[in-house]
Amino acid sequence: IPSKLLDFEGGVNIALGHLLERKPDVVLSGLNIGFNATMPLCLSSGTLAGATEGTAWGIPAVACSLDLEQSIFERVHRTSAVCPPELRPHLGAACRHAARFAKALVGQPPQGLEVHSLNYPASVADDTPMERTRPALVRHGSLFQPSALGYRFAWNDGEAVDLDQKTDLAVLERGRISHTLYDFSQVGRS
């Protein structure tokens with residue numbers, strides 16, 4: 001199946017329903033290049049959707065994303081087959097942490113529809129501390145600009161609605177790993 005035709009959620013659903021002979025111990029979605037922090041970005045994240053699909057099947061699930069400096073993001077976005085040398089140590093540290101985190105979830109079925117979302121700072125190292133967070137409320141407005149081919153992604157920092165230091169964005173800005181636990185079984189309950 002061409003990867004351009006599948007988002008993370010569709011790929012996880014097809015893998016769980018048709019490609020795997022047995023259910024995996026954990027679903028690890030990502031490592032996404034560019035963070036999936038703040039409520040608006042989380043709600044539109046294919047990485048988070050892939051992990052949500054896993055937990056809907058009763059499998060522990062983690063969505064992982066790595067924040068990047070803007071210039072590195074632009075280079076990776078243009079030439080995704082080439083990993084810039086200055087990114088390699090941070091990408092490696094994020095992958096090692098994600099693997100340890102996911103391995104610790106094995107044998108622990110999710111309660112409800114729980115999804116762990118890990119966001120790694122651009123300068124993540126093996127000893128970077130992790131903090132429990134909640135999604136920041138930010139108004140980004142349009143994240144796309146007109147281009148010759150239609151529209152292209154164009155980042156903006158948006159306007160922070162809350163300044164709580166326990167948000168995913170605040171923790172990333174302090175250079176720490178953000179760990180947000182989403183429980184989608186609580187959505188719509190009064």
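Structure data summary
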{"quantity": "Helices (runs of 4 or more DSSP H) enclosed by segment 1-106 - at least 1 residues per element that are in contact with a Gly (Cβ under 7 Å, 6 or more places away or on another chain) and farther than 17 Å from residue 122 by Cα", "calculated": "8-14, 46-56"}
{"quantity": "Neighbours by Cβ (under 7 Å, 6+ apart or cross-chain): first from segment 157-186, on the phi > 0 side of the Ramachandran plot; second modelled with pLDDT of 85 or more and surrounded by fewer than 13 Cβ atoms within 10 Å (Cβ to Cβ)", "calculated": "175/123"}
{"quantity": "Subset of segment 144-166 that is touching a helix residue (DSSP H, G or I) at 6+ places or on another chain (Cβ under 9 Å) and either closer than 22 Å to residue 128 by Cβ or at pLDDT 90 or above (or both) - its residue that is most open to solvent (accessible area, probe 1.4 Å)", "calculated": "165"}
{"quantity": "Those residues of segment 135-161 which are assigned to a strand (DSSP E or B) and under 21 Å from residue 50 (Cβ atoms), in sequence order", "calculated": "153"}
{"quantity": "Cβ-Cβ under 6 Å pairs, at least 6 apart or on other chains, segment 80-98 side exposed (fewer than 15 other Cβ atoms within 10 Å of the Cβ), far side aliphatic (A, V, I, L, M)", "calculated": "84/72"}
{"quantity": "In segment 113-134, residue modelled with the lowest pLDDT [restricted to those that are surrounded by 12 or more Cβ atoms within 10 Å (Cβ to Cβ) and part of a loop (DSSP other than H, G, I, E, B)]", "calculated": "113"}
{"quantity": "Which listed residue, of 29, 45, 71, is out of contact with any Cys (no Cβ under 8 Å at 6 or more places or on another chain) and buried (at least 20 other Cβ atoms within 10 Å of the Cβ)", "calculated": "45"}
{"quantity": "Filter result for the condition that a residue is of a type in the set (Phe, Trp, Tyr) and over 30 Å from residue 78 (Cβ atoms), over 144, 184", "calculated": "184"}
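The values are calculated or read from the model by the stated rules, or taken from the named source; none is laboratory data. Keep in mind it's a predicted model, so treat the numbers as computed, not measured. Using ideal geometry, Cβ is built from the backbone for each residue, glycine included, and neighbour counts are taken over all protein chains shown. Just so you know, the surface numbers come from the protein's heavy atoms only, side chains and all, with ligands and any DNA or RNA stripped out. Shrake-Rupley method; radii C 1.70, N 1.55, O 1.52, S 1.80 Å.
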